[in-house]
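Enquirer: Before anything else, here's the structure in question.
The values are calculated or read from the model by the stated rules, or taken from the named source; none is laboratory data. Small disclaimer: the values here were computed from a predicted structure and weren't measured. Positions of Cβ are generated from backbone atoms using ideal geometry, with glycine treated the same way; all protein chains shown enter the neighbour counts. For the accessible areas, the whole protein counts, side chains as well, though only heavy atoms, and no ligand, DNA or RNA atoms are used. Shrake-Rupley method; radii C 1.70, N 1.55, O 1.52, S 1.80 Å.
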Amino acid sequence: MATAFRRFGKRLLVSGTFQNIAAAVVHRALRFIYWSNRKSADSDDLVKAVEGKLPVIIALWHGQQLLTQFVYPDNNSVAALVSRSRDAEINARVLKLSGVTVIRGSGGRERAQTARKGGVGALKGMADALADGKNIVMIADISKGAPRQSGEGIVALAKLSGRPIIPMALATSRYHIVEKSWDKTTINLPFGEVCLKLGPPISVPRDTSDAELEEYRQRVTDELNSVTEKAYRAVRNGA
């Protein structure tokens, strides 16, 4: 009986109906959390920051991205990279409910790993989306890899497309950290303060060598860690 129940539960979790319902519930909850937090006076203005630079590549950290789809006023001009894994299906559907175009795929630090996970096709899809005028949102660090260390994928995309990377972090004063998660996923909570911080644009020239690409990867890491620290400091000081 227990085995049959587990099998039923697995079938339920992967059913389209269940995933649609779960995505709708999660989307509404996240939207409520975002709008119930008052905006910090230290928040940066994303629209002004990207003016004259569009389209751009928005860089985020794993576990810090739950509310970011509510920041930009025109999600019809935004596409996001989401892993092809089954675990990411509900996340993909939540983004679609926010009006974001979803590109499926993921990559690793090594090129062979990137190809195996569909990263090559995803890279081309994102480059095509940028060429069509869409902004790209991309998690910079690698799933189950070293947290808060940028992978090669985002700098490779900037080099290929010629579009700038904008490091972005969003923090709320009330939150819960899932300590057992590899990336210390942060669950934002309502009725506090929210702050958005942006780093300076990072452009990667098309003639950048592999050795120089590593320098840009480290720069993305440093800038993302910097804006993350600034966002949390702002809400701590304002709370």
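Listed here are the residues, each with its yes/no results for (1) at pLDDT 95 or above; (2) touching a Pro at 6+ places or on another chain (Cβ under 7 Å); (3) surrounded by fewer than 18 Cβ atoms within 10 Å (Cβ to Cβ).
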{"position": "83", "(1), (2), (3)": "no, no, no"}
{"position": "110", "(1), (2), (3)": "no, no, yes"}
{"position": "114", "(1), (2), (3)": "no, no, no"}
{"position": "118", "(1), (2), (3)": "no, no, yes"}
{"position": "121", "(1), (2), (3)": "no, no, yes"}
{"position": "129", "(1), (2), (3)": "yes, no, no"}
{"position": "134", "(1), (2), (3)": "yes, yes, no"}
{"position": "137", "(1), (2), (3)": "yes, no, no"}
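Enquirer: Ok, one more. If residue 219 passes every condition in (1) within 19 Å of the chain's Cα centre (by Cα); (2) without any contact (Cβ under 8 Å) to a residue 24 or more places away in the chain; (3) part of a loop (DSSP other than H, G, I, E, B) but one, which one does it miss?
Expert: (3)
Enquirer: Could we say that residue 203 is of a type in the set (Ser, Thr, Tyr) and under 29 Å from residue 124 (Cβ atoms) here?
Expert: On the way: of a type in the set (Ser, Thr, Tyr): yes; under 29 Å from residue 124 (Cβ atoms): yes.
Against the criterion (of a type in the set (Ser, Thr, Tyr) and under 29 Å from residue 124 (Cβ atoms)), residue 203 qualifies.
Enquirer: Taking into account only those residues within the range 137-166 that are part of a helix (DSSP H, G or I) and β-branched (Val, Ile, Thr), which is farthest from residue 70 (Cα to Cα)?
Expert: Checked the range 137-166; the qualifying residue farthest from residue 70 (Cα to Cα) is 155.
Enquirer: Moving to a separate point now. Given (1) open to solvent by less than 20 Å² (accessible area, probe 1.4 Å); (2) modelled with pLDDT of 95 or more; (3) within 16 Å of the chain's Cα centre (by Cα), where does residue 192 come up short, assuming only one miss?
Expert: (3)
Enquirer: For the range 207-239, enumerate the residues that are under 18 Å from residue 159 (Cα atoms) and open to solvent by 30 Å² or more (accessible area, probe 1.4 Å).
Expert: Looking only at the range 207-239, we keep the residues that are under 18 Å from residue 159 (Cα atoms), and these are 207-221, 223.
Hits for the range 207-239 are 207, 209, 210, 211, 212, 214, 215, 216, 218, 219, 223.
Enquirer: Picking from 178, 155, which residue would you name as being open to solvent by 50 Å² or more (accessible area, probe 1.4 Å) and farther than 21 Å from residue 72 by Cβ? Show your work before the answer.
Expert: Values: 155 fails: open to solvent by 50 Å² or more (accessible area, probe 1.4 Å).
Result: 178 is the single residue among 178, 155 that is open to solvent by 50 Å² or more (accessible area, probe 1.4 Å) and farther than 21 Å from residue 72 by Cβ.
Enquirer: Just to check your reading of the model, which residue among 223, 212 is at negative phi and at pLDDT below 95?
Expert: On the way: 223 fails: at pLDDT below 95.
When all the criteria are applied, what remains is 212.
Enquirer: What pairs come up if the first residue lies in the range 22-39 and is in contact (Cβ under 8 Å) with a residue 40 or more places away in the chain and open to solvent by 50 Å² or more (accessible area, probe 1.4 Å), the second is part of a helix (DSSP H, G or I) and of a type in the set (Val, Ile, Thr), and their beta carbons are under 9 Å apart, counting only those six or more places apart or on different chains?
Expert: 26/90; 26/94
Enquirer: Follow-up. Please enumerate the residues belonging to the range 167-210 that are hydroxyl-bearing (Ser, Thr, Tyr) and in a loop (DSSP other than H, G, I, E, B). Working first, answer last.
Expert: First, pick out the residues of the range 167-210 that are hydroxyl-bearing (Ser, Thr, Tyr): 172-173, 175, 181, 185-186, 203, 208-209.
Result: 173, 181, 185, 203, 208, 209.
Enquirer: Go through the range 195-206 and give me each residue that's open to solvent by 20 Å² or more (accessible area, probe 1.4 Å) and in contact with an Asp or Glu (Cβ under 8 Å, 6 or more places away or on another chain).
Expert: Keep residues of the range 195-206 that are open to solvent by 20 Å² or more (accessible area, probe 1.4 Å), which gives 197-198, 200-201, 203, 205-206.
The answer is 197, 198, 200.
Enquirer: Out of (1) at negative phi; (2) open to solvent by 10 Å² or more (accessible area, probe 1.4 Å), the odd one out for residue 162 is which?
Expert: So the condition that residue 162 fails would be (1).
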